[in-house]
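What follows is a single structure, written as structure tokens, with notes after it.
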Amino acid sequence: MTLIKSISGIRGTIGGKPEENLTPIDAVKYAAAYGSFVQAKKPNNKLTIVIGRDARISGNMIQALVMQTLVGMGIDIIDLDLSTTPTVEMSVVKENADGGIILTASHNPKQWNALKLLNDKGEFLNAKEGGEILALAEANSFDFADVDNLGKIKHKASAIKEHIEAILAHPLINLEAIKSAHFKAVVDGVNSVGGIAIPELLEALGVVTHKLYCDPNGHFPHNPEPLKEHLGDLSQAVVDFKADLGIVVDPDVDRLAFMDEKGEMFGEEYTLVACADFVLSKTPGNTVSNLSSTRALQDITEAYGGTYFASAVGEVNVVDKMKEQNAVIGGEGNGGIIDPNLHYGRDALVGVAIFLSLLAERKISVSQLKKSYPAYFMSKGKIELNISVDVDQLLNQAAIQYSKDKPLTIDGVKINFAKGWVHMRKSNTEPIVRVYSEAESQKEADLITKRFSEELLALSTRL
């Protein structure tokens with residue numbers, strides 16, 4: 001059982017002992033720390049926080065603890081109840097709130113839950129802000145309201161509908177073309193809030209939908225990370241239903257993957273590539289993804305005359321780089337689409353609408369679309385190190401060793417080759433180094449990962 005305290009919030013497994021797991025005591029403590037942080041930003045103001053959750057079994061319990069803790073601090077709550085992460089993010093702005101909390105452990109299994117923390121722009125906190133909250137929690141530095149100044153809870157049931165309405169009004173979404181295409185889709189909602197939001201969006205787009213695991217009861221029918229090895233049922237349903245595509249999201253609906261009409265994965269890395277292709281065809285400009293994402297995005301961006309920029313891993317880093325470079329679209333290779341026309345957050349709903357607009361306008365199948373993109377293959381590995389190894393020093397030595405290749409060092413070490421790359425970065429939670437690579441064949445990518453893993457291990461013994 002595990003409790004992980006990080007700059008972006010707190011996540012852990014339900015049950016067990018405080019400070020070792022995500023217990024009611026931990027939920028109260030970190031909710032109070034966040035409340036104190038927000039109050040310090042706007043002293044003497046009446047504050048409002050938006051709260052929503054995915055469909056995890058523990059969601060009701062954790063949400064009640066978090067909301068009542070903030071009420072006890074004199075903070076008003078807008079309760080979205082079952083809601084997607086991007087819906088909460090957009091609601092913070094729409095409600096002119098002072099922050100937001102999403103209760104979700106994203107793609108982690110059902111025993112996990114988390115408090116994901118937002119600022120008043122509906123965006124994830126940066127490292128400095130996250131550190132301030134952790135310090136407040138460690139110091140137990142909380143001040144609660146007296147009985148005449150407790151907060152109030154307002155329940156709101158229309159947030160997902162408003163999110164969908166904003167997507168339908170998006171200037172690039174081609175509603176007429178999508179409806180004229182008469183698409184059929186199978187949706188795997190992994191028995192969480194995607195089972196509510198994605199079918200509602202598809203209905204509004206005129207897509208005939210077959211629901212698979214769309215009952216938001218929190219009992220995930222398979223590993224909730226949207227990867228090929230977990231999606232055999234979706235693949236079969238696409239074929240049986242004679243669908244044009246399959247759609248799968250993670251439990252909080254910020255990651256998106258597609259399946260083609262043959263029941264084959266389109267590739268999570270290519271979700272952003274396809275969406276960027278459509279956006280760039282309408283509004284040429286710059287793009288951003290993190291260092292561990294496919295080079296295909298750079299290829300597509302440059303084909304439209306734009307410039308590609310890489311950020312450190314993490315949504316907040318991608319968003320910061322997008323703002324800095326005025327990017328027209330960005331995201332992460334795990335299926336996270338960030339469209340600044342809507343909001344600065346990963347959003348599977350707008351990703352679905354963009355993808356369907358692309359298919360409808362080009363009048364091609366999903367498999368044909370995939371063949372139109374540069375073919376890259378990724379290999380993901382990790383190496384475990386002795387606890388005494390200074391990982392930062394190790395990666396610094398690797399950067400020096402490959403200095404002639406002009407490595408990027410904003411997040412570990414990334415070395416670009418003529419037709420591929422390798423990215424080595426330390427884990428924030430365990431003594432390992434992640435080694436990701438990409439090449440024009442799976443065999444070549446695997447060999448690159450193996451080579452650099454062995455080199456790092458050898459280098460670690462000399463430090």
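The values are calculated or read from the model by the stated rules, or taken from the named source; none is laboratory data. Everything quoted here is computed from the prediction, not taken from an experiment. Using ideal geometry, Cβ is built from the backbone for each residue, glycine included, and neighbour counts are taken over all protein chains shown.
Counting only strands (runs of 3 or more DSSP E) that sit wholly inside segment 162-261, those with at least 2 residues that are under 23 Å from residue 88 (Cβ atoms) are 184-188, 245-249, 256-259.
Identify the residue in segment 13-59 that is in a helix (DSSP H, G or I) and among the aliphatic types (A, V, I, L, M) and, among all such residues, is nearest to residue 90 (Cα to Cα). Only one residue fits best here, namely 38. I need the full set of residues from segment 428-455 which are under 28 Å from residue 5 (Cα atoms), surrounded by fewer than 19 Cβ atoms within 10 Å (Cβ to Cβ) and touching a Lys or Arg at 6+ places or on another chain (Cβ under 6 Å), in order please. 432, 434, listed by residue number.
Residue pairs whose Cβ atoms lie under 6 Å apart, sitting 6 or more positions apart in sequence or on different chains, and linking a residue in segment 203-217 that is within 18 Å of residue 167 (Cα to Cα) and in the same structural domain as residue 231 (by TED's automatic domain parsing) to a partner that is surrounded by 16 or more Cβ atoms within 10 Å (Cβ to Cβ) and not aliphatic (A, V, I, L, M), are 207/183. The residue that is surrounded by the most Cβ atoms within 10 Å (Cβ to Cβ), among those in segment 364-399 that are over 29 Å from residue 462 (Cβ atoms) and basic (Lys, Arg), is 370. Assess whether residue 402 counts as being modelled with pLDDT of 95 or more and in contact with a strand residue (DSSP E or B) (Cβ under 9 Å, 6 or more places away or on another chain). Answer is no for this residue. Remark: residue 246 falls outside the filter, which requires a residue to be free of Cβ contacts under 8 Å to residues at least 60 places away in the same chain and assigned by TED's automatic domain parsing to the domain that holds residue 352.
Pairs are defined by a Cβ separation below 9 Å, a sequence spacing of at least 6 or placement on different chains, a first member in segment 170-182 that is modelled with pLDDT of 95 or more, and a second member that is among the hydroxyl-bearing types (Ser, Thr, Tyr) and crowded, with 16+ Cβ neighbours inside 10 Å; the pairs so defined are 172/357; 173/357; 174/357; 175/357; 177/357; 178/357. Report yes if some residue within segment 16-25 is modelled with pLDDT of 95 or more, crowded, with 23+ Cβ neighbours inside 10 Å and closer than 16 Å to residue 133 by Cβ; otherwise report no. Looking for residues that are modelled with pLDDT of 95 or more, crowded, with 23+ Cβ neighbours inside 10 Å and closer than 16 Å to residue 133 by Cβ, one finds at least one in segment 16-25, hence yes. Scanning segment 99-135 for residues that are modelled with pLDDT of 95 or more, under 11 Å from residue 9 (Cβ atoms) and surrounded by fewer than 21 Cβ atoms within 10 Å (Cβ to Cβ) turns up nothing.
Taking segment 261-308 as the range and being acidic (Asp, Glu) and buried (at least 22 other Cβ atoms within 10 Å of the Cβ) as the test, the residues that pass are 268, 269, 277. Going residue by residue through segment 376-392, is there one that turns out to be in a helix (DSSP H, G or I) and at pLDDT below 95? Yes - at least one qualifying residue is present in segment 376-392.
When 78, 62, 101 are checked against the criterion of being in contact (Cβ under 8 Å) with a residue 24 or more places away in the chain, over 27 Å from residue 352 (Cβ atoms) and either assigned to a strand (DSSP E or B) or touching a strand residue (DSSP E or B) at 6+ places or on another chain (Cβ under 6 Å) (or both), a single residue qualifies: 62. The set of residues in segment 132-166 being in contact (Cβ under 8 Å) with a residue 12 or more places away in the chain and closer than 12 Å to residue 32 by Cβ consists of 133, 136, 137, 140, 141, 142, 143, 144, 145.
Restricting attention to segment 274-291, the residues that are over 12 Å from residue 327 (Cβ atoms) and not hydrophobic (A, V, I, L, M, F, W, C) total 4.
State whether one or more residues within segment 215-226 are among the hydrophobic types (A, V, I, L, M, F, W, C) and closer than 23 Å to residue 57 by Cα. Yes, because at least one residue in segment 215-226 is among the hydrophobic types (A, V, I, L, M, F, W, C) and closer than 23 Å to residue 57 by Cα.
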